[in-house]
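Report on the following structure.
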Amino acid sequence: MTDSRALSDIGWDELQALDIADRAAFFNHSDGEHHVLMAQQFSRERMDAIGHLATCIRQIAKEEEGARFLQHLLWTKRTMLYFTQPSSRTFLSFSSACRIVGMDRGEVRDIAISSEVKGETREDSVRTFSSYYDMIIMRTEIGGFAERMAWLLAHAGRPVPIINAGSGSDQHPTQALLDIYTLQRSFEKRGGIDGKSTVFVGDLMRGRTVRSLAQLLSAYDDVRMIFVAPDKLQIREDILAMLRSANVPYELTDDFESTIAQADAIYMTRVQDEWDNTPGETGSIDISRFSFREEHLRVLSPDAVLMHPFPRRHEIEPQVDHDPRAVYWRQMRNGMWVRAALIAGLFGREQAILDYHDANV
Ligand code: CP
């Protein structure tokens, strides 16, 4: 049975003791999300709705009048971009998404220029942002911190929406949503995501995008996942347990080349050595077999797509970029539209956008 209590009515330890799907329900309301913290918040229907809204925004923004309409949606709102870990795409696409829907933006990207350098706690920093801003988008190296702050602000009586733009090595829900949108668009004329096989390659143990995307994909029918990694970087057991409970078939292997021809989507990732316990810990692992080379294009199905959340190192040769199946640059741009859709949804502007689209596009 769904817990009907509000986030402000539950203690932190009790919340954390819940199954993650039950925890996720505390961050939604009946029409959608109040915060965006974890992939478990999103049903298939909701992913379809977000994808449709992203497409509407993309199409509306093409015309100057449409762009002006979008910019008036949230012109009275302000957002804080609090990124204490490096980022290019997530930061810039969120910043651009805020601009698309007219939000003013503040940013802290380096705690050395905030009062944290004087000893202020992260919790006090975020609570301070909530005094000035209507939404906080945060990337942090601390797993679960965005969730903790959503809980804390609810108890502090200042429950501004929080968006998790990457937390620890556990979750990157907005990246997973833009990945789903990319797959929705790529397979639009092939029956959608249902029935498709995704091959995940690289550092799957610490790749938070893979963890969130596997969760979202498990909501689709007849999907299959193949996890290709060196033993030391293979996907963690909690994701496999989730797939078993969702009846999603999966395989684990370290033989990338044997999987290419079976793939509808290949999702490459880099080694996330920023999470090494000691510098260079994963440097001795031979990852040369876990890269996509130009010669692999001959084996890849003509209808398949090659994805990467980026940044990349050597996982995909640049010679592959010209191939129409290499969708990673489009995937990146999709992030801006999906993030604009999420923000509009958080502030209840979804219907206004759909109405404008129906009337004008
Ligand atoms: N995909 C992604 O999160 O990229 P950035 O680290 O550049 O934001």
Discussion item. For His322, His29, give me the order by solvent-accessible area with a 1.4 Å probe, most accessible first, ignoring ligands, DNA and RNA.
Written reply: His322, His29
Worksheet entry | Per-residue HN-Hα couplings for the range 136-148 [Karplus 6.51, -1.76, 1.60; θ = phi - 60°; Hz; x = Gly/Pro] | 10, 9, 10, 10, 8, 7, 9, x, x, 5, 4, 5, 4
Item to complete: Roll a 1.4 Å probe over the protein chains and send me the accessible area per residue for the range 88-136 in Å².
Response: 50 Å²
Practice prompt. Taking the Cα centre of the range 173-331 as origin, work out the dipole magnitude from +1 charges on Lys and Arg Cβ and -1 charges on Asp and Glu Cβ, in debye rounded to 20.
Written response: 420 debye
Item to complete: Give the residue from Phe145, Ile287, Thr55 lying farthest towards the positive end of the charge dipole for the chain; charges sit on Cβ (+1 for Lys and Arg, -1 for Asp and Glu) and the dipole is referred to the Cα centre.
Response: Thr55
Discussion item. Can you say what percent of the DSSP beta bridges in the chain, counting only those with both residues inside, are antiparallel? Round to 5.
Written reply: 10 percent
Practice prompt. Let me know the charge dipole size of the chain about its Cα centre in debye, to the nearest 20, where only the beta-carbon of Lys, Arg (+1) and Asp, Glu (-1) is charged.
Written response: 880 debye
Practice prompt. Return the distance in nm (one decimal) between the two label points of a simple spin-label model at Thr278 and Ala156, each offset 7 Å from Cα along Cα→Cβ.
Written response: 3.9 nm
Worksheet entry | the range 173-331 shape via C-alpha gyration tensor axes, a/c threshold 1.5 | oblate
Discussion item. In whole percent, and with a 1.4 Å probe on the protein chains, what portion of the accessible area of the range 173-331 is carbon and sulfur?
Written reply: 48 percent
Worksheet item: Straight-line reach from Lys232: which lysines have a Cα under 28 Å away, not including same-chain ones fewer than 8 places off?
Response: Lys196
Item to complete: Report the one residue of Tyr133, Gln171, Phe26 whose Cα lies farthest in the direction of the positive end of the charge dipole of the chain (charges on C-beta: Lys and Arg +1, Asp and Glu -1; origin at the Cα centre).
Response: Tyr133
Discussion item. With a 1.4 Å probe and all protein chains left in place, how much accessible area per residue does the range 237-361 have, in Å²?
Written reply: 49 Å²
Response to the item:
Note: Arg289 to Gln59 extended length (0.36 nm per residue) minus current alpha-carbon separation gives 78.8 nm
Worksheet, complete the sentence: Gyration tensor on Cα atoms of the range 1-145, a ≥ b ≥ c root eigenvalues, a/c under 1.5 rounded, else prolate if a/b beats b/c, else oblate, says oblate
Worksheet entry | Ranking by accessible area, most exposed first, for Arg312, Arg109 with a 1.4 Å probe | Arg109, Arg312
Practice prompt. Please give the solvent-accessible surface of Val108 in Å², to the nearest 10, using a probe radius of 1.4 Å with every protein chain present.
Written response: 20 Å²
Worksheet item: Tell me, what is the FRET efficiency for Arg298 and Asp222 to the nearest 0.05, using R0 = 41 angstrom and their Cβ-Cβ distance as r?
Response: 0.90
Response to the item:
Once the in-chain neighbours fewer than 8 apart are removed, the aspartates and glutamates whose Cα is under 16 Å from Lys118 read Asp110
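The values are calculated or read from the model by the stated rules, or taken from the named source; none is laboratory data. Note that this is a predicted model, so its numbers are computed, not measured. A quick note on method: Cβ atoms are made from the backbone with ideal geometry, for glycine too, and the neighbour counts reach across all protein chains shown. Heavy atoms of the whole protein, side chains included, go into the accessibility calculation; ligands, DNA and RNA do not. Shrake-Rupley method; radii C 1.70, N 1.55, O 1.52, S 1.80 Å.
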